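Engineer: Got a structure for you, written out below as structure tokens; questions coming shortly.
Taken together, the values in this text are just the output of simple stated rules run on the coordinates, not laboratory data. All values reported here derive from a predicted model rather than from experimental measurement. Don't worry about glycine lacking a Cβ; one is built from the backbone with ideal geometry, like all the others, and counts go over all protein chains shown.
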Amino acid sequence: MIIWAIARTTVGDALRKKILQVFIVVAIGLIVLSLSFSQTLSFSSQRGASSDFMLLKSFGLGMMALAGIFISLILGVTLIPQEFERRTIYTILAKPVKRYEFITGKFLGAILTLGIATGLMGITFILTIVIKAIGAQQLSASPTLGQMLGSTTEKVAIFDWNMVWGVILVYLQFMVLSSIVLLFSLIFTQTVNFFMGAAVYAVGFMSTVVISLGGAEGANVALQLFYKTISYVLPRFDQFNIPNQLLHPETQVTNMGAYTGMMALYGLLYTLLALVAAILIFERKEV
Amino acid sequence: MTDGKRKMLVALVVALVAAIVLIQFDLEPKYEKIVHAGKQIGENKSGDMMAELPGQFIVASFTGFKQVVAGALWIRADEFFHRGQYHAIVPLVRMVTWLDPHNIDVYTTGAWHLDYNFVDVANSLSDKRYIPASIAFMKEGIRNNPNIWDLYFELGWTHYHKKLWDNEMAAYYISEACKYDSVDPNSGTKQRRPDFVDRMKAHMLEKIGKFDEAEQQWNVARKKVEEALAANLKKPGSGGWVDQGTLDLCDRNHSLLLLRQGWRYGDMKRYEQGLKIAERVKTPEDWVEATQSARKDYESRIGRHWEGDASKPLDGKFNASWLRAAPRVLVIKGTVNIIPASEYKGLASESFTHWYAQNQAAEPEQQVRWRDGSRVYWRLQDIDYEMPDVDKFSWNTNLENTVAWGDIYVGGGSFLTKINMSDPRDAAMYPLKAEKYKLTVWMEPVDPGMPDYVEDRVGWKGEALIDSECLDTTTRPGYRMLKKEFILSRSDII
């Protein structure tokens, strides 16, 4: 109950933050605006409906990820230090609230906030694609109209479940990033934490490059080990992205359910790890 | 928190780390499997080579570390190359050049990769449908780097000459290359253009029959070497890697250009000029002996009416045919009268090469009746296929088309090759979706890979060639080739 109460308060606080509201509104606005892209970017419409959808999905997912990463960083960075600055931590911990309950509650609040933001963006994203698909189907039903408008008459599915998987995977990476930033917030200052969190995300996102660097010609054993360690220790944010499957429906997926399940487990374990480490640190912190 | 609980949490942390690493090991192959679904990374049906560019690289490019990211991507491309995942390289190459448009190596390697590395399994033939994209990519590179020789030369030599057999365009781009020096990528300082670029321009001009301009170019190339030698005397190394051998190389090639005009067309003035230049070269011994022998031949011909070796007609007797050996397997075979050993008897070029004399002097069982090694060329394509306009940059390649070409070794006056399009792994390269196809089989002395001794007998442009059925003088105005064309229906092939 205590954890839930802290989480609810955290969600309320977070949603009142102007900067988070701006990020969500801008991201949603841009996702909606992307509907006009296929009409303005001639290269897309020349290549058929599937290319239009590829562009829309790619842009939508990209916007969600970008906004979500910033929200995760800003939220995570301020989550605990803010309580110290306001000195509210002293009154909270003076009550019968255990430290792990406080940390867990704060974190739960953060991921709930991210869930709300991702949900709003995700619904907008899926609706945008559905609207576009309905439009494309109408054109497909009326080839003459399609030709008049210079558009394709290629048939497209109205709803693709892979979009939902895509949104879930995007959310999972926000959760992992938030837990890391929360952990860092107990060690570093807010500014350092922001950049450390961003760096972890960037390196994790480009882990294929990190692996390549380890295997590059001329790399010695120590370097190879260094890059390999980094690629295995830092979260593999790149693997939360399945754009090829989502953007290219012709790609055959052999076991999408198993993969998503595995990624969810991976994300949860990583989150749990960061959370336990944060609890251990916070237990020893002088307050 | 009690000590016991803390220890338990620390143990949990260790267990979690182990679990995460284990999952990570398991995830890697699953990720590859799901994202690429058993296909080569980057391969897709649409032919849009940019479609699967990994998103993280696009995001990273906005961080401002453009060259760093470009370098990292290039390493990644190299890794894909060594793994044989050629389709994956293309989008990376594109990305690298967007990030770092002055990276010459990426343009040259990327375009070479497109031209040469998408090879079928059954015949080791490269996929010619990517050539327009390759050329467009090189042209983009030239637009981004217009003031250095490198990409002009590469486009002319590797793509137009070697791949498209288009010597006119090759000569144009290599001539353009000769207008520019290079820039050291490390220091940004101007660097001397390598001498081989200037020599190659002369060779190319010779190939397209611009003999006067070729001769002029040999003079330019030689002068450049002389200046470099002089610069090296003043300040060692300032003129680059040139020595007497480089100078002799220019003289040897220059003299051969003139001598061949003498031998092939009976131009005695050129013959004499060629000998004078050839006599400047004092090594190797074989060269000196050959030159002395040619001098005697020249003197023996003074005052005699003689129109050159290529003035004597040679009946090509070209015959080519095709048959379907199996579904999607074509066999091309034929005969061509190029070139019986006896045709070299008494040629002026013999004074220099002594090939016929040496053949006659050999033991009877070692004597050959044919001078082998010439080439016959073939091309199979959709009947209405035209190479797309390569001036407009596009990575989109229409993979619905079928177009392939190659060459066949001629031995003993006959040739034979099999075009196997039946391997399922090659299905994408040979879609065979058109109803009609054009199969062209031809021989042309000027094509790359044709030995000099063929031109010694029939002339640079095939002037000596005659053939009652297969002579073609219209395909390339001014040139004579032996050509046979067939129209095939889809059912003839599949």
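Engineer: ³J(HN,Hα) across segment B:306-323 via Karplus (A = 6.51, B = -1.76, C = 1.60, θ = phi - 60°), whole Hz, x for Gly/Pro?
Structural biologist: Result, rounded to whole Hz: 7, 9, x, 5, 7, 7, 7, x, 10, 6, x, 6, 6, 9, 9, 8, 9, 8.
Engineer: Something else: So which GluC sites (Glu not before Pro) in segment B:439-474 end up in coil per DSSP with only 14 or fewer other C-beta atoms within 10 Å?
Structural biologist: Sparse-neighbourhood loop GluC sites (Glu not before Pro): B:Glu469.
Engineer: When only Cα pairs under 8 Å and 6 or more residues apart are kept, what is the percent relative contact order across segment B:322-389?
Structural biologist: On the way: 39 pairs, mean separation 17.8, N = 68.
Computed value for segment B:322-389: 26 percent relative contact order.
Engineer: List the pairs from B:Lys139/B:Lys276; B:Lys282/B:Lys317; B:Lys139/B:Lys234; B:Lys139/B:Lys461 whose alpha-carbon separation is above 31 Å, in the order I gave them.
Structural biologist: B:Lys139/B:Lys276; B:Lys282/B:Lys317; B:Lys139/B:Lys234
Engineer: Could you give each residue of segment A:56-72 its phi-based ³J(HN,Hα) in whole Hz, using Karplus coefficients 6.51, -1.76, 1.60 with θ = phi - 60°, and x for Gly or Pro?
Structural biologist: With the stated coefficients, segment A:56-72 comes to 4, 5, 4, 5, x, 4, x, 5, 4, 5, 4, 5, x, 5, 5, 4, 4 Hz.
Engineer: About the Cα centre, and with charges only on the beta carbon of Lys, Arg (+1) and Asp, Glu (-1), how big is the dipole of segment B:314-493? Nearest 20 debye, please.
Structural biologist: Working: 22 positive and 27 negative charges, 97 e Å.
Computed charge dipole of segment B:314-493: roughly 460 debye.
Engineer: With label points built 7 Å along Cα→Cβ from the Cα atoms of A:Leu223 and B:Glu226, find their separation and express it in nm.
Structural biologist: Distance between label points: 4.8 nm.
Engineer: If I histogram all Cα-Cα distances within segment B:142-278 using bins 10 Å wide from 0, what percent of pairs lands in each bin?
Structural biologist: 13, 36, 34, 14, 3, 0
Engineer: Full-extension gain between B:Asp384 and B:Arg143, please, as 0.36 nm times their residue separation minus the C-alpha to C-alpha distance. Intermediate values should be presented prior to the final figure.
Structural biologist: Numbers: separation 241, 0.36 × 241 = 86.76 nm, distance 3.11 nm.
Result for the pair: 83.6 nm of gain on full extension.
Engineer: Okay, next question. Note the full-extension length gain between B:Glu299 and B:Ser238 as 0.36 nm times their separation in residues minus their Cα-Cα distance, in nm to one decimal.
Structural biologist: Contour length minus the Cα-Cα distance gives 17.6 nm.
Engineer: Still on this model: When B:Asp120, B:Asp452 are ordered from fewest to most other Cβ atoms inside 10 Å of their Cβ, what list results? Could the numbers behind the result be given before it?
Structural biologist: Details: B:Asp120 20, B:Asp452 12.
The order, fewest Cβ neighbours first, is B:Asp452, B:Asp120.
Engineer: Given the Cα-Cα distance of B:Asp3 and B:Gln360 and 0.36 nm per residue of separation, how much length would full extension add, in nm? Write out the running numbers ahead of the final one.
Structural biologist: Numbers: separation 357, 0.36 × 357 = 128.52 nm, distance 10.17 nm.
The span from B:Asp3 to B:Gln360 would gain 118.4 nm if fully extended.
Engineer: Give a residue-ordered list of calculated ³J(HN,Hα) values for segment B:419-432 (Karplus: 6.51 cos²θ - 1.76 cosθ + 1.60, θ = phi - 60°; whole Hz; x for Gly, Pro).
Structural biologist: Coupling constants for segment B:419-432: 10, 9, 10, 8, 5, x, 5, 9, 4, 5, 7, 10, x, 6 Hz.
Engineer: Hey, can you rank A:90-97, A:66-73, B:318-325, B:10-17 by average C-beta count inside 10 Å, highest first?
Structural biologist: Order by mean packing, descending: A:66-73, B:318-325, B:10-17, A:90-97.
Engineer: Which three numbers, in whole Å and largest first, are the semi-axes of the equivalent ellipsoid of segment B:314-493 derived from its Cα gyration tensor as √(5λ)?
Structural biologist: They are 35, 19, 14 Å, listed largest first.
Engineer: Measuring from label point to label point, each 7 Å out along Cα→Cβ, what is the A:Thr189 to A:Ile2 span in nm?
Structural biologist: About 3.2 nm, to one decimal.
Engineer: If I take R0 = 25 Å and measure r between the Cβ atoms of A:Ala198 and A:Thr88 in this structure, what FRET efficiency does the formula 1/(1 + (r/R0)^6) give, to the nearest 0.05? Spell out each step's value before the answer.
Structural biologist: Details: r = 27 Å, r/R0 = 1.08.
About 0.40, to the nearest 0.05.
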